[in-house]
């Protein structure tokens, strides 16, 4: 029923009747943008999954410790997306409107602020790693591995702050191939580094979790250097000081207008996931390991939805900058339909092959049994998650950033955290029960946010008047 409510209105012929931009042209542009973004996102997710896969050959406890660390690292990266996300949305609209100077101002300010923010957060993660993991409830037997991994990856996380900004700027200008290529290079380096440093191959010492952390952090540093070089070469070769005298406070205000709501919603979601991970940690080490294995597989299921929303969001931003709101609306409906079809197909395949997939990572029968049922419940969760990813990303691209935040915070904490805790722990349904709570949260939010998209209230929220 939820799927029908969210999607039935979208299964209609695509009719884009807009001056100078035909239906097939938009479809072609969407494809050109989405495929590289999809490959890039797959490689980004693979970068995190590689640590899990290779550490699973080392020990399940290492997987559990790194899995909890990555919850915190993911939260930090969302903080870094504060300005880069706002810059991407503004850049897309300014490119659509032909406002080159404002484009350069936005990117320059986002880079400076993200560098300062990244250095501060990196220092915090290094010096307070153990305290943060104790706060998250990491078990004593996992603490050493957790602290080692967080100190190394956290101390160098500022590289990711800059990478996110360079990558967002390139994508907003339709230069999506470059981040994809860089991410591919980085993944190869990370796999080689993990192989050498985790297991002591290629003449390197066997460092286990520490080796995985070094390889991952070094790969992210290489990515930043490559993205910076490409950005200056093909997109914005220089940032004239005259563009920043006087300081363009209006653009900073616009960044805050998009960035604060976007960051608030994302941080709320990630904090809720940290709390949920704390609850799962109270169930058992096996539940925490099962959650880590399952989530790494599930991220590939909704990868296409994230990719097409990012690619489509660029086009929606360009169209809104050109005041072509109806074209933006119809295009959005088109790529939402395809993201739902492909995501649910992938989720169904994962649910049907769950035991075989999990058996490739662990021989612990308790972990496998939990994971199989998680994959089944997750099929229903993906209906709502696909709607949320689409609606939040596309509404932001139009400038309508506050409404998704309010809805997200209310339901993430009342249902995703509160109800999942009740079902999972007091009622005794464990990890699978908590996943049922997550599914309810995603689907309720999905219905509400899709109604916002269909209402058209976002049409007057753009930054180009």
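Among the residues examined, residue 407 qualifies as surrounded by 17 or more Cβ atoms within 10 Å (Cβ to Cβ) and under 19 Å from the mean Cα position of the chain (by Cα).
If you filter region 418-438 down to residues that are surrounded by fewer than 23 Cβ atoms within 10 Å (Cβ to Cβ) and touching a residue at least 24 places away in the same chain (Cβ under 8 Å), you find that the one that is nearest to residue 370 (Cα to Cα) is 432. The condition (being in contact (Cβ under 8 Å) with a residue 60 or more places away in the chain and either part of a loop (DSSP other than H, G, I, E, B) or touching a strand residue (DSSP E or B) at 6+ places or on another chain (Cβ under 7 Å) (or both)) is satisfied by just one residue among 230, 236, 276, 267: 236. Residue 317 falls short on exactly one of the conditions (1) modelled with pLDDT of 85 or more; (2) within 29 Å of residue 31 (Cβ to Cβ); (3) more than 18 Å from the chain's Cα centre (by Cα), and that condition is (1). Evaluation of residue 310 against the conditions (1) over 18 Å from the mean Cα position of the chain (by Cα); (2) buried (at least 19 other Cβ atoms within 10 Å of the Cβ); (3) part of a helix (DSSP H, G or I) shows that the sole unmet condition is (1).
Tell me which residues, restricted to region 360-371, are under 18 Å from residue 349 (Cβ atoms) and crowded, with 20+ Cβ neighbours inside 10 Å. Result: 361, 368, 371.
The set of residues from region 195-207 being modelled with pLDDT of 85 or more and crowded, with 19+ Cβ neighbours inside 10 Å comprises 196, 197. Screening region 115-178 for helices (runs of 4 or more DSSP H) wholly inside it with 3 or more residues that are over 30 Å from residue 315 (Cβ atoms) returns the ranges 129-135, 140-155. Residues in region 179-214 that are closer than 26 Å to residue 168 by Cβ and touching a residue at least 40 places away in the same chain (Cβ under 8 Å): 179, 180, 182, 183, 184, 185, 186, 187, 190, 191, 213. Give me the residue from region 225-254 that is under 14 Å from residue 106 (Cβ atoms), buried (at least 16 other Cβ atoms within 10 Å of the Cβ) and under 25 Å from the mean Cα position of the chain (by Cα) and, out of that set, modelled with the highest pLDDT. That would be 231.
Residue 72 passes every criterion in (1) assigned to a helix (DSSP H, G or I); (2) more than 22 Å from residue 156 (Cα to Cα) apart from (2).
The values are calculated or read from the model by the stated rules, or taken from the named source; none is laboratory data. Remember, it's a predicted structure, so these values are computed and weren't measured experimentally. Reconstructed Cβ throughout: ideal geometry from the backbone, glycine too, with neighbour counts over all protein chains shown.
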